[in-house]
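S.K.: Supplied in structure tokens, the structure appears directly below.
The values are calculated or read from the model by the stated rules, or taken from the named source; none is laboratory data. These figures come from a predicted structure and were not determined experimentally. We place every Cβ from the backbone using ideal geometry, glycine too, and count neighbours over all the protein chains shown. Remember, those area values only see protein heavy atoms, side chains included, never the ligands or the DNA or RNA. Shrake-Rupley method; radii C 1.70, N 1.55, O 1.52, S 1.80 Å.
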Amino acid sequence: MNRDCVFCKIVSGEIPSKKIYEDDTVYVFEDINPVTPIHWLFVPKKHLSGAGEITSENSDAVAKIFETAASLANEHAVGDYRIVTNCGKGAGQTVFHLHFHLLAGRQLGEMV
Ligand code: AMP
Ligand code: ZN
């Protein structure tokens, strides 16, 4: 738990969120400012600042996130989707707790 981190506060329930799913490792919720009709955020419950901190010691949480994404996408029949993570300010990262965006619900354009 990082006291200054908005996503740690969402995981702990201190800040409300529209929860899609949670288990011991992963928390999934709706993005507050969706860019597609379906825009979910997948975060590890344990704080990591971003994709640049993924190591062999913690990558089990990342695998769990992708397993969860596949399962929820099927369960909710979201259709085709894109999963992205921004690593660093220059790549558009604004919240420094590792998260993966799942975007779906309309035809998606090019990446950048
Ligand atoms: P990024 O720019 O890749 O770091 O993504 C951060 C995302 O978090 C943005 O899409 C924001 O809309 C979203 N966001 C920020 N604060 C909240 C919040 N309190 N609840 C839900 N989503 C949030
Ligand atoms: Zn955090």
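S.K.: List the pair-distance distribution P(r) of segment 15-76, using every Cα-Cα distance, as the percent of pairs falling in each 5 Å bin from 0 up to the bin containing the longest distance, rounded to whole percents.
M.R.: That works out to 4, 16, 28, 24, 18, 9, 1, in percent per bin.
S.K.: If you count, for each residue, the other Cβ atoms within 10 Å and average over each peptide, how do 19-31, 76-88 line up from highest to lowest? Please list the in-between numbers first.
M.R.: Values: 19-31: 16.4, 76-88: 13.7.
My ranking of the peptides, most packed first, is 19-31, 76-88.
S.K.: Right, something else. Ignoring ligands, DNA and RNA, please state the percent of accessible area on the chain from carbon and sulfur, probe 1.4 Å.
M.R.: Working: 3430 of 6660 Å².
Answer for the chain is 51 percent, counting heavy atoms of protein chains only.
S.K.: Right, here's the next one. Check which residues have an amide H placed less than 5 Å from SER49's amide H, if you skip close sequence neighbours.
M.R.: LEU98
S.K.: Tell me which cysteines of the chain come out unpaired when the rule is another cysteine's Cβ under 4.7 Å.
M.R.: By the Cβ distance rule, which asks for a partner under 4.7 Å, the isolated cysteines are CYS87.
S.K.: Given 10 Å bins starting at zero, what is the percent of C-alpha pairs of the chain in each, up to the one with the largest pair distance?
M.R.: Histogram of Cα-Cα distances, whole percents per bin: 14, 49, 34, 4.
S.K.: Which order do the peptides 90-99, 50-59 take when ranked by the mean count of other beta-carbon atoms within 10 Å per residue, highest first? Could the numbers behind the result be given before it?
M.R.: Details: 90-99: 15.8, 50-59: 11.5.
Ranking, from highest mean packing down: 90-99, 50-59.
S.K.: Tilt of helix 59-75 relative to the longest C-alpha principal axis of the chain, in degrees (0 to 90, nearest 10)?
M.R.: 30
S.K.: What's the lysine pair count for the chain at a Cα cut-off below 20 Å, pairs eight or more apart or interchain?
M.R.: Counting lysine pairs in the chain gives 11.
S.K.: Now for a separate question. Could you provide, to the nearest whole Å², the per residue accessible area of the chain with probe 1.4 Å? Numbers along the way, then the final one.
M.R.: Values: 6660 Å² over 112 residues.
Here the residues of the chain average 59 Å² of exposed surface.
S.K.: Given contacts defined as C-alpha pairs under 8 Å and at least six residues apart, what's the relative contact order of the chain, whole-number percent? All intermediate terms of the calculation are to be shown ahead of the outcome.
M.R.: Values: 161 pairs, mean separation 33.8, N = 112.
Relative CO of the chain lands at 30 percent.
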